[in-house]
1. Take residue 6 and residue 32, extend 7 Å from each Cα along the Cα→Cβ direction, and tell me the distance between the two endpoints in nm.
2. Given points 7 Å out from each Cα along the Cα-Cβ axis, report the residue 65 to residue 53 separation in nanometres with one decimal.
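What follows draws every value from the coordinates through simple rules; no lab data is involved. Only a predicted model underlies this, so the values are computations on that prediction, with no experimental measurement involved. For neighbour counting, all protein chains shown are included, and Cβ atoms are generated from backbone atoms with ideal geometry for every residue, glycine included.
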Amino acid sequence: MQDEGQVTEKLRASVLHAAHGRCEMCGRSIAEHAVVLQVDHKLPRDWGGTNSRENLWALCEQCNRGKKSYFSSINAGDDEAGYGVQERSCSDW
Ligand SMILES: [Zn+2]
């Protein structure tokens, strides 16, 4: 994966626009539930995920947190993970 750098503002806008102000995991919305949406990598960067549009979605803070800890837990010595995990660091979400 040679796509160094950040998710651009344009890409973020595209993701958030496509989500219509709703979390793409739980469906809660900014308007109705006062959630804060964050652009997240579906497949974490540490797992080989890219900054491409297809790998990005809008999650509320709560889902994003939950997803992180979920990935962390299955990342811990689970052979079935199978994503070519290298080193785990939680820095680049
Ligand atoms: Zn959510």
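1. 3.3 nm
2. If labels sit at residue 65 and residue 53, their model points lie 3.2 nm apart.
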